[in-house]
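For reference, the structure is listed below as structure tokens.
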Amino acid sequence: MTRLSVNVNKIAVLRNSRGGRDPDVVRAARACLDAGAHGITVHPRPDARHIHADDVRALARLTAERGVEFNIEGNPFAPPRAGYPGLLALCEETRPAQVTLVPDGDAQLTSDHGFDFARERDALIPLVAAFRDLGCRVSLFADAGADIDAARTSGADRIELYTGPWAEAFDAGAPDWALPAFVKTACEARAVGLGVNAGHDLSQANLGAFLEALGGIDEVSIGHALIGEALYDGLEPTVRRYLGIIDGIAAQA
């Protein structure tokens, strides 16, 4: 069954806008886990726009105490700088169950594309190996239509489908336009032994249709929409609604 990992970056964005400790990222993550979320995701960036290195350490302790998955996203090519020891160093210290490698740069407001595997595979191979040596499952951010054979030969365990185009097509009333490329890419990945995750702009409105069409998604990482919906309904009820969507699709299957 698909597992839900809640991305708590947006809690940190709100905290950082004012400074101090509120809202508390760890408390928010604890509420998500209390509601049944299967794990927690963070994406520390060199510019410290949201999650800080100390948040990563605190959430690593929380997820270890709860026995749930901790997923750290980040750009493996971004060099360390003040306040950011680098993705590999953070993972070496905190040992997440999964690391998701994402090709985002400082100028990007949010992750908006996957790797060009044909071009970047050779650079990814030693990095993937280094993260796997830490005991981390490695997932690579991938566009629908990506070169799956090149992704496989990088040594990764999974891909994470960048679902921004799916969300845009769904909002525009044309979901069938985007689905075939996602279905094809997911099938190709499974055929060569890669697991398939998905994330970016998934919401209560579009998640069910996506899971129903693709089937067999291992994990969804959801943050922006979930935190926004929780402003109206609360974190725990919102997380439970996402789990209800996932359970409903599993029951149909």
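Each value in this text was obtained by applying a stated rule to the coordinates, not by laboratory testing. Note that the coordinates shown come from a computational prediction; the quantities given were computed from them, not determined experimentally. FYI the Cβ positions are ideal-geometry reconstructions off the backbone, even for glycines, and counts take in every protein chain you see.
One table, with the values for the structure above:
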{"quantity": "Principal axis dimensions, largest first and in whole angstrom, of region 166-253 by Cα", "calculated": "40, 27, 22"}
{"quantity": "Ellipsoid equivalent to region 33-115 - semi-axes via the Cα gyration tensor, in Å", "calculated": "22, 14, 11"}
{"quantity": "Spatial separation of Cα centroids for region 133-173 and region 17-59, in angstrom", "calculated": "23 Å"}
{"quantity": "Among beta bridges that DSSP assigns inside region 3-252, antiparallel share in %, nearest 5", "calculated": "5 percent"}
{"quantity": "Karplus-derived HN-Hα couplings along region 121-129 (A = 6.51, B = -1.76, C = 1.60, θ = phi - 60°), whole Hz, x at Gly and Pro", "calculated": "4, 4, 6, 6, 3, x, 5, 4, 4"}
{"quantity": "Rg(Cα) / (2.2 N^0.38 Å) computed for region 3-252, rounded to two decimals", "calculated": "0.95"}
{"quantity": "MRE, 222 nm, helices only [DSSP H, n ≥ 4, -39500 (n - 2.57), over the chain, to nearest 500]", "calculated": "-15000 deg cm²/dmol"}
{"quantity": "For 95, 57, order by how many other beta-carbon atoms lie within 10 Å, fewest first", "calculated": "57, 95"}
{"quantity": "Neighbourhood net charge (9 Å Cβ-Cβ; Lys/Arg +1, Asp/Glu -1) for residue 3", "calculated": "-3"}
